Amino acid sequence: MMRPHAAPLGEQLAILILGPPVMSVLIWLMSRGWAHTVQGTVVSDRTKHRQKVEFWIVLIAMYVLGFGMAFYAWFA
C-alpha cells in the first residue's frame with residue numbers, strides 16, 4: 001500500500017540497501033581525516049583498528065535502524 005507523498009517502492013529499497021554503506025563510508029572518511037589532522041601524517045595502528053571497528057558498528061546500527069523503520073512503515 002502506497003502512502004501519500006511516499007517514494008516509490010524501488011527508491012525506498014535502494015535507499016534502504018545503499019544508504020547505510022554510503023553513510024558509513026562518509027563517517028569513516030571524516031574520522032580518518034580528523035585522525036590525520038590530530039596525529040599528523042602517520043596515523044597509529046590503534047586508531048586505524050578503532051576506526052575499522054567503528055565503521056562496522058555504524059554500518060550494522062544503520063541497517064538495523066533502517067530495517068526497523070521500514071518494517072514499522074510497511075506493517076503499521
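Brief remarks follow.
- In the chain, the longest principal axis of the Cα atoms and the axis of helix 9-39 are about 20 degrees apart.
- Take 26-35, 40-49, 8-17 and order them by the average number of nearby Cβ atoms within 10 Å per residue, most first; the result is 26-35, 8-17, 40-49.
- Percentage of interatomic Cα-Cα distances in the chain larger than 18 Å: 52 percent
- Electrostatic dipole magnitude of the chain [Cβ: Lys, Arg +1; Asp, Glu -1; Cα centre; debye, to 20]: 220 debye
- Sites ALA14 and TYR72 - FRET efficiency at Förster radius 22 Å, r taken between beta-carbons, to 0.05: 0.70
Read the figures in this text as sums done on the coordinates, not as results from a lab. It should be emphasised that the depicted structure is a prediction, and the values quoted were computed from it without experimental measurement. Cβ coordinates were reconstructed from backbone atoms using ideal geometry, including for glycine residues, and neighbour counts include every protein chain displayed.
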